[in-house]
1. For region 46-73, which positions are in contact (Cβ under 8 Å) with a residue 60 or more places away in the chain and either over 25 Å from the mean Cα position of the chain (by Cα) or not in a helix (DSSP H, G or I) (or both)?
2. Within region 476-501, which residues are buried (at least 22 other Cβ atoms within 10 Å of the Cβ) and not in a helix (DSSP H, G or I)?
3. For Arg451, state whether it is closer than 21 Å to Ala395 by Cα, of a type in the set (D, E, K, R) and surrounded by fewer than 23 Cβ atoms within 10 Å (Cβ to Cβ).
4. Among the residues of region 362-379, which ones are out of contact with any helix residue (DSSP H, G or I) (no Cβ under 6 Å at 6 or more places or on another chain) and either open to solvent by 70 Å² or more (accessible area, probe 1.4 Å) or touching a residue at least 40 places away in the same chain (Cβ under 8 Å) (or both)?
5. Out of region 240-254, which residues are open to solvent by less than 10 Å² (accessible area, probe 1.4 Å) and not hydrophobic (A, V, I, L, M, F, W, C)?
6. Within the bounds of region 300-307, is there any residue that is crowded, with 18+ Cβ neighbours inside 10 Å, of a type in the set (Ser, Thr, Tyr) and in contact with a strand residue (DSSP E or B) (Cβ under 6 Å, 6 or more places away or on another chain)?
7. What is the residue count in region 413-448 for residues that are in contact with a strand residue (DSSP E or B) (Cβ under 8 Å, 6 or more places away or on another chain) and open to solvent by 40 Å² or more (accessible area, probe 1.4 Å)?
8. Taking region 415-434 as the search range and keeping residues that are in a helix (DSSP H, G or I) and among the polar types (S, T, N, Q), which one is farthest from Glu358 (Cα to Cα)?
Amino acid sequence: MEKRRRLVVAGDGEGDGGEASGSAPRGLVESLPEALLVEVVVRLELEAACSAASSCRALRAAAAAAFSAVTSLDLSMFPPTNAILNRILAGNGALRCLAVNCSLLDDSAVGAIAKGSLRELSLLKCSSFSSYLFVAVGERCKNLRSFVLEMAASDDDEHFGICRKSIAHIVKGCGYLENLSLKFFPLLGPGSVDFESLVPIPSTIKVLLLQPVSNWQAKRLFPISTSLKTSISNTLESLSLVLDIITDELVAFITGSLHNLVELCLEDNPMKEPDLHNDLTNVGLQALGLCHNLAHLSLTRGKQNCSSTFRRVTDFGIMMLADGCKQLKTIRLAGFSKVRDAGYAALLQSCKDLKKFEVSTGYLSDLTCLDLDEAAPKITEVRLLCCSLLTSETAISLSSCTKLEVLDLSGCRSIADSGLASISQLSKLTLLDLAGADITDAGLSALGNGRCPMSSLCLRGCKRISNNGIASLLCGSGTINKTLISLDIGNVPRISGRAVTLVAKNCEQISSLCLRNCLLINDSSLETLGSMRHNLGKSSLRMLDLSYCSRLSRNFLGLFEPPFFRGLRWLGVGKNMLERRGCSPTVAELLERKPGLTVCGNACEMGCRNQCHPDIRRQ
């Protein structure tokens, strides 16, 4: 499909702007048979079909016909306008699964979204809906099984407050709801979202995620008293809460009232250092042993507000957890400053079915991962983030885990080339994160000649690598140049346009490229990337991060105009670039020509991951 000649269509004056790079006589497209146009639209990628729908009446009708029988539609990476969404969904009565990036939508799109046929609905990056959205979904989507919402705070605090207090309409109206996920951004103060309106939580709910929720609100959701206990006690299987603070009392409420939990994820971000009597301790970890079906556990403390840790949890608490939850398959821990090798080793030795193991900012050493292949023979994912005591010996030990698919050692600054030589022989490894590691071009050469079917590689902040290392990585005897989809070489001082050329020429499937804070990247580098991939007939690049690339000129956005970077869906540029005066084209002009593109000026991570803010077109 990528090499097929594209039909270029002129607008009829009623569209929202397409990505057309030429013009055609009026009536040429309209003269083609409708069946042929429908076949053309069906063969287009989703974003291209949405753009085509805004080009002329004939393609609009063809798109409507093509989408009329669609049962599943994912628009999470493509921010449609109200007009586009209404056009493509207006005649669809069969849609069962819908995911939408709502950053450009408001109440005008609710009629298209709230369809009675829906079973799964995900509304992401919302910022302009009113309470009408919740009322409409509750009234029309009676058979909804899954509802996911991400909502950003708007400039109108009163408007946002009304929305936060309207979520009960969903729960009351959708009587078959099994999965409920509600995320509000930014993380506001305790009690800022009226989750109490969810009480009592319907007995149909099996998966529940709430963000942010206060400690006292969470305890009202899951009363431990027998007289107050609800029927959700026997149905809820997965619970995820982002809290102001995790305490022993809260854990007791959860374990005492939810008997069939399979997954528990608790994250907190205290505003200040917790009191010693109001925090998570060894007692709380021991209480988790009451959840006999628990298979996936995540306990993390963030440091967005203060540098706090779970200072009252020791190795003994982790050992009690290991003894009570031997059936765990996933473990994720962050902020346990008093836990050492003995505690982590106890977990690894006890949980024989363990597949995923993650520790952030932990004080564990190379001893923890010794003989890990024997302790946890099913392990497929290991993430050891910012563990300053780890060295290349850990990487060498992990190379014996032949089933390993994901290895994240970001922030482990003592990982060196000797570790990469061992890692490169892992025949199932698809993701490797070495951000901040002490590796050189020699280590990249080992990876380039290795056996890993790598699809994602992060080398951010590896300051000793250069263009020569990228050449060794992508031009070696291995297959990484054929399998690599995501590459992060941001914050590497010696990366220049030559590395970009190597990526453009050798990476056949590259979809995500991070060059943030690469100070040698200039307009010529981007021109090479765009023109080479266009000339080679490749349009796989979907996300590109150029935040803090200060050598780019004020007119660098012109390099992204059609026909170059045809498949690009997300571009990170940073506020400093957007605030320059005299830019040509402006962001607004570029987005008018490429309606499927999202430009982020907030220096977010790739794709605005775990962030929700209004689209730049609404700012």
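The values are calculated or read from the model by the stated rules, or taken from the named source; none is laboratory data. Quantities reported herein were computed from a predicted structural model and do not represent experimental measurements. All Cβ positions, glycine included, derive from the backbone under ideal geometry; neighbour counts span all protein chains shown. For the accessible areas, the whole protein counts, side chains as well, though only heavy atoms, and no ligand, DNA or RNA atoms are used. Shrake-Rupley method; radii C 1.70, N 1.55, O 1.52, S 1.80 Å.
1. Ser54
2. Leu484, Leu487, Asp488, Ile489, Gly490, Val492, Ile495 - these are the residues of region 476-501 that are buried (at least 22 other Cβ atoms within 10 Å of the Cβ) and not in a helix (DSSP H, G or I).
3. Judged against the criteria, Arg451 is a match.
4. Listed by number, the residues that qualify are Tyr363, Asp371, Glu374, Lys378.
5. Hit for region 240-254 is Thr247, nothing else.
6. For region 300-307, residues crowded, with 18+ Cβ neighbours inside 10 Å, of a type in the set (Ser, Thr, Tyr) and in contact with a strand residue (DSSP E or B) (Cβ under 6 Å, 6 or more places away or on another chain): present.
7. Adding up the residues that qualify gives 4.
8. That would be Ser418.
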